[in-house]
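Okay, so here's the structure we're looking at.
Where a number appears in this text, it was derived from the coordinates with a stated rule and is not lab data. Just so it is clear, the model here is predicted, and its values are computed rather than measured. Every residue, glycine as well, gets a Cβ built from its backbone with ideal geometry; the counts of neighbours run over all protein chains shown.
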Amino acid sequence: MRDARPTDHRRRTWHDLGAHVTVDGRRIFVVESGPATPEATVIVHGFPGSSHDFAGVLARLPPERRVVLVDLLGFGHSDKPLDVTMSLFAQADVVERVMRHLGVERAQLVAHDMGDTVVAELLARRRDGRLGVDVDGAILTNGSIFIDLACLTRGQRLGLRMPDRTLPTSLPAWFLRRSVRESFAPGAPPPDGAIDDLVTAIRHGGGGRILLRQIRYIEERRVHQERWTAGLVDFDGPLTLLWGEQDPIAVPAMAERLARLRPGTDVVTWPDVGHWPSLEVPERVADAIVARTAWSS
């Protein structure tokens, strides 16, 4: 697997920086940077993004730090099966098995959006004594950790009203662009190229055909909210929330609720940031990751 140094981002495409790991017969795309130490910062993206959402963060992390970024099943450059329900439990399996495959023994988990719940499931497994990796800390960025507080976009609501099925053709690019734009702060221009990059990642490998299946993770969150809240609240390591206050979906009240339920949670709010901190302020996210690492960089 290539070492994704900052200069590589200017010379090669994101796909060229990574490689595929086979998990349960599916190819999972992984970008890895730094030496092959047993400690790693492991980054889990959200819906409908990919590991590329954290490219700007990776470019700002120290080169001597091991970083692992995973495309979840059905996202980015990972396999996009047309006939598989991509449960959040299965996505947690993907992350856990990738860590095991790469020899990661201690992890700092970093996540966004849907990835926050994948991390919550990993922490629930740790609480139950079923996670084969030590977790030294977790950093969550904007995500609907309390689904009852989520302000779903028009596109999300529409997707949940439609049948749970694989489409014969991809959703059109204009529709995807409009839907993705709704996740950014109203009245604030998204970072240059961010929407096109997100839409490209969605459509790669036929991903535009399975969005109606993927979005069912919202319903799954409702069913298992108690388990995943407990996974976060009961975590006995350092837990940080990096939260953009201009998020139209995962509103600041979510961070406030978790801080009440789990005193001692490190909450950092940014009044000028929306739903996508890793795209909007990658330098701040990178600084927060470095400052909250248990081992030396």
(message) Over the stretch 175-297, what is the relative contact order in percent, taking alpha-carbon pairs closer than 8 angstrom and at least six residues apart?
(response) 26 percent
(request) Sort largest first and round to whole Å: the equivalent ellipsoid semi-axes of the stretch 126-206, each the square root of five times a Cα gyration tensor eigenvalue. (result) 29, 19, 16
(request) For the stretch 36-44, take each phi angle, set θ = phi - 60°, evaluate the Karplus expression 6.51 cos²θ - 1.76 cosθ + 1.60, and give the result in whole Hz per residue in order, putting x for glycine and proline. (result) 7, 7, x, 9, 8, 8, 10, 10, 10
(message) Can you sort Leu242, Leu152, Leu88 from fewest to most other Cβ atoms within 10 Å of each residue's own Cβ?
(response) Leu152, Leu88, Leu242
(message) Placing unit charges on C-beta atoms (Lys and Arg positive, Asp and Glu negative, everything else neutral), compute the dipole magnitude of the chain about its Cα centre in debye, rounded to 20.
(response) 720 debye
(request) Arrange the following residues from fewest to most other Cβ atoms within 10 Å of their Cβ: Asp266, Asp79. (result) Asp266, Asp79
(request) Rounding to the nearest 20 debye, state how big the charge dipole of the stretch 79-219 is about its Cα centre with +1 on each Lys and Arg Cβ and -1 on each Asp and Glu Cβ. (result) 480 debye
(message) Among Val30, Pro81, Pro189, which residue has its Cα furthest toward the positive end of the charge dipole of the stretch 8-291, with +1 on Lys/Arg Cβ and -1 on Asp/Glu Cβ?
(response) Pro81
(message) Under the rule of at least 5 residues apart or a separate chain, name every residue whose amide H is placed under 5 Å from the amide H of Val267.
(response) Leu241
(message) With a cut-off of 8 Å between alpha carbons and a minimum separation of six or more residues, what is the relative contact order of the stretch 34-125 in percent?
(response) 42 percent
(request) May I ask for the net charge around Ile28, where only other residues with Cβ less than 14 Å from the Cβ of Ile28 are counted and Lys, Arg are +1 while Asp, Glu are -1? (result) -1
(message) Please compute the contact order of the chain in relative form: average sequence separation of alpha-carbon pairs under 8 Å and at least six residues apart, divided by the residue count, as a percent.
(response) 21 percent
(request) Work out from phi, with θ = phi - 60° and the Karplus expression 6.51 cos²θ - 1.76 cosθ + 1.60, the ³J(HN,Hα) of each residue of the stretch 233-238, listed in order in whole Hz, and give x for Gly and Pro. (result) 5, 7, 5, 9, x, x
(message) Could you work out [θ]222 nm for the chain from helices alone, using -39500 (n - 2.57) per DSSP H run of at least four and dividing by all its residues? Round to the nearest 500 deg cm²/dmol.
(response) -10000 deg cm²/dmol
(message) Skipping prolines and chain starts, which residues have an amide H placed within reach, meaning under 5 Å, of the one on Val135, given they are 5 or more residues away or on another chain?
(response) Ala107
(message) If you scale each eigenvalue of the Cα gyration tensor by 5 and take the root, what three semi-axes come out for the chain, rounded to whole angstrom and sorted largest first?
(response) 25, 22, 20
